[in-house]
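The values are calculated or read from the model by the stated rules, or taken from the named source; none is laboratory data. From a predicted model like this one, the values you see are computed outputs, not experimental measurements. Backbone-built Cβ (ideal geometry, glycine too); neighbour counts: all protein chains shown.
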Amino acid sequence: MEHFFDVVVIGGGHAGCEAALASARMGLSTALVTLDARKIAEMSCNPSIGGVGKGQLVKELDALGGEMGKNADYTGIQFKRLNTRKGSAVQSSRCQSDKRQYALRMQKVIADTPLLTVLEGEVKALHVELDQMRGVELADNADGRRFSVAAKAVVITTGTFMKAIMHCGGETRAGGRIGEGASVGLSDHLARLGFTIHRLKTGTPPRLRAGSLDFTKMEVQHGDQPPYRFSFSDTQVALPQVPCYLTYTNEQTHQVIRDNLSRSPLYSGQIKGVGPRYCPSIEDKVVKFPDKNRHPLFFEPEALDSDLIYPNGISTSLPADVQEAFVRTLPGCEKAEFIRHGYAVEYDCIDPRQLKKTFEARHVAGLFLAGQINGTSGYEEAAIQGLMAGINAALQVKGEAPLVLGREEAYVGVLIDDLTTLGVNEPYRMFTSRAEYRLSLREDNADARLRPHGIRIGLVNPVDRERFHVKQDRLKLATEHFKKAKGKPSAEADAYFATHGTQPIRYPQPLYHLLRRPELSIDDINRLFHVELFELTGEEKETLEIEVKYEGYISMQRDEIARLQKMRDYAFPASFSFEKVKGLSTEIREKLIRNQPKTLEEAARISGVTPAALTTLVHQLRSGGPRV
Ligand code: FAD
């Protein structure tokens, strides 16, 4: 071997960046190998971070010591809290990013990280001996020269690049992203190693020149002031904040699309890969929702110093002339100039059920996979997988216990469990509805849930560690104070309750009880009852309010989680035979045989497995039996 590293990460996308940073920050010599170093942390599609369910992932990544949240704060050009009129459990953050600054800042962080080396080239093969990862074989970008790099662990994060084909109308080209090539040898190599390979598809809209659009015909959309940051560290929103614009498709747009469906590679049968159902192309929206006479489109700037507009909502692989025709039917786009046309990309990914919950391959020790290669879609889903794979690769090399997070602990736990137990049959993205305990898995408490893990594995720096402990202490003190201090009846308070149609208070009450009232926030209590309160930050107030107002629900969830924890203690030994368990229906027995749950909790999550069947399984486990 010509080079040696503890960990090699293949791919410089969102998963690769986090994996490489985690491994190097945990003290291991790390190589990040990528096809084009200038494209490290490139946003292949929408210039934004976060969104419903995804914002939670970014906050969790930040709490564990990842970089995406910080990078998003420093390079965001519009921040918005989504679902603010809905319950706390589903509120999520999103920011519009300066695409160029996002990539440049991440590249600088990587360049400045000790122990981390970037190698440009294509990984062509993996060196595996006796089911143990030994290293990779690279083809140098400059001269194609092949050389080997030895490693104790390898993390593959090749995104949409394996055997990638781009489609725009009838035209096809090899490549994982516009202007870049495809990764050709790797997926065959993975197949030879025993991985099942699936074919998926995603797509992107055209990019338009801002100067050619008439924004006065669209609705202006401003971000939140002050912006709600992603990071729990002391980051700054450093860039100027800019608006986006909202416009809609119309009957004419839909007619142009309907008239040209036969020229769409999606409908002509040219594209075989399965696309994301929740993020359909515009041709799919028109076909699948014929009753809708308009679809909203958000026009988002790609960067502060760029003239490129990203029209969010019209991802398409229709031919270039059709794209131009339908875009020019949109209000404000009559004279739209195209910088680039939209396209779809088909790519290979693996079956994530072949991975352990650490993202290590079940059948090759030291080989980890993360990101879009595991069948997911989205920067945030990729980044958090990269972080977890990088952490676990590093822990393995150091000979330490892995970090596995459960569904009740984090959205990333939900994601890992869904991928590794259920697999995917379309690109997987995170939604709040995937989490059973979403009232406990909120953005605001991601640090309370996960910072201790980040601190334990050494990914949180001393300043952030101190900041975390100070915040937790302050929250504890504030809660105690709220339980002790009382608000007294007053004319001002009576008037406030009267305007809300609620009962006034007749005698002094602990602030804690008052805060349970839906019509009272901490700021209201402060104003109405003139009690001395702690100076709490906006984030601290949010956490305290939710914890008090939803105390009943949250404690029910905690009981449920404790019950689950107990079920997890019931593990089925490898020799356990579901076939021989008596007293189960044939249907349930078949489901158990097919899914091979490892614990009682996993069995409980198989649809159709009843409480009675679980009781039967508990009895069987207690009596040690039945064996294969
Ligand atoms: P990528 O970001 O794809 O990065 C892969 C990296 O691996 C690249 O740096 C590449 O150079 C490197 N690489 C590949 N093969 C090799 C090799 N053999 N050797 C060395 N390096 C290699 N997500 C959304 O959430 N919404 C969308 O609307 C959306 N649309 C998309 C449209 C398009 C056209 C594309 C391409 C992607 C889209 N995505 C979308 C997906 C999003 O880009 C990915 O989810 C995310 O970038 C995946 O991150 P990743 O790190 O797994 O891989």
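Results, tabulated for the structure shown:
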quantity: So residue 216, is it more than 10 Å from the ligand (Cβ to nearest atom) and either in a loop (DSSP other than H, G, I, E, B) or over 22 Å from residue 126 (Cα atoms) (or both); calculated: yes
quantity: Strands (runs of 3 or more DSSP E) wholly inside segment 1-93 containing at least 2 residues that are hydrophobic (A, V, I, L, M, F, W, C) and buried (at least 21 other Cβ atoms within 10 Å of the Cβ); calculated: 3-10, 30-34, 76-82
quantity: Within segment 134-149, considering residues that are in contact (Cβ under 8 Å) with a residue 40 or more places away in the chain and near the ligand (Cβ under 10 Å from one of its atoms), the one surrounded by the fewest Cβ atoms within 10 Å (Cβ to Cβ); calculated: 141
quantity: Within segment 1-53, tally of residues that are within 7 Å of the ligand (Cβ to nearest atom), closer than 15 Å to residue 153 by Cβ and in contact with a Leu (Cβ under 7 Å, 6 or more places away or on another chain); calculated: 2
quantity: Number of positions in segment 279-320 that are free of Cβ contacts under 8 Å to residues at least 40 places away in the same chain and either outside any loop (DSSP other than H, G, I, E, B) or among the hydroxyl-bearing types (Ser, Thr, Tyr) (or both); calculated: 6
quantity: The lone exception for residue 249 - which of (1) in contact with a Leu (Cβ under 8 Å, 6 or more places away or on another chain); (2) surrounded by fewer than 15 Cβ atoms within 10 Å (Cβ to Cβ); (3) of a type in the set (Val, Ile, Thr); (4) over 27 Å from residue 359 (Cα atoms) it fails; calculated: (2)
quantity: Residue check, residue 356 farther than 30 Å from residue 220 by Cα, in contact with a Ser or Thr (Cβ under 8 Å, 6 or more places away or on another chain) and modelled with pLDDT of 95 or more; calculated: yes
quantity: Tally, over segment 150-194, of residues that are of a type in the set (A, V, I, L, M, F, W, C), surrounded by fewer than 23 Cβ atoms within 10 Å (Cβ to Cβ) and more than 11 Å from the ligand (Cβ to nearest atom); calculated: 5
quantity: Filtered residue count, segment 414-432, keeping only those that are buried (at least 22 other Cβ atoms within 10 Å of the Cβ) and free of Cβ contacts under 8 Å to residues at least 40 places away in the same chain; calculated: 1
quantity: Answer from 514, 475, 520, 528 - the residue that is closer than 26 Å to residue 235 by Cβ and either modelled with pLDDT under 95 or surrounded by 15 or more Cβ atoms within 10 Å (Cβ to Cβ) (or both); calculated: 475
quantity: Residue satisfying all of: in segment 291-318; in contact with a Gly (Cβ under 8 Å, 6 or more places away or on another chain) and aliphatic (A, V, I, L, M); farthest from residue 96 (Cα to Cα) among these; calculated: 318
quantity: Residue count for segment 611-628, restricted to those that are among the β-branched types (Val, Ile, Thr) and either without any contact (Cβ under 8 Å) to a residue 24 or more places away in the chain or touching a strand residue (DSSP E or B) at 6+ places or on another chain (Cβ under 8 Å) (or both); calculated: 2
quantity: Only listed residue being over 30 Å from residue 539 (Cβ atoms) and under 26 Å from the mean Cα position of the chain (by Cα), chosen from 296, 265; calculated: 296
quantity: Candidates 459, 403 - the one that is surrounded by fewer than 21 Cβ atoms within 10 Å (Cβ to Cβ) and either of a type in the set (Ser, Thr, Tyr) or over 14 Å from the mean Cα position of the chain (by Cα) (or both); calculated: 403
quantity: Subset of segment 137-176 that is in a strand (DSSP E or B) and polar (S, T, N, Q) - its residue that is nearest to residue 365 (Cα to Cα); calculated: 148
quantity: Spans of helices (runs of 4 or more DSSP H) in segment 388-486 with at least 2 residues of a type in the set (Phe, Trp, Tyr); calculated: 462-484
quantity: Selected residue (criterion: nearest to the ligand (Cβ to nearest atom)) from residues of segment 328-357 that are in contact with a strand residue (DSSP E or B) (Cβ under 7 Å, 6 or more places away or on another chain) and within 30 Å of residue 405 (Cβ to Cβ); calculated: 347
quantity: Meets criteria (within 15 Å of the ligand (Cβ to nearest atom) and either buried (at least 17 other Cβ atoms within 10 Å of the Cβ) or among the charged types (D, E, K, R) (or both)) for residue 324; calculated: no
quantity: Test result for residue 276, crowded, with 19+ Cβ neighbours inside 10 Å, assigned to a loop (DSSP other than H, G, I, E, B), within 16 Å of the ligand (Cβ to nearest atom) and touching a residue at least 24 places away in the same chain (Cβ under 8 Å); calculated: yes
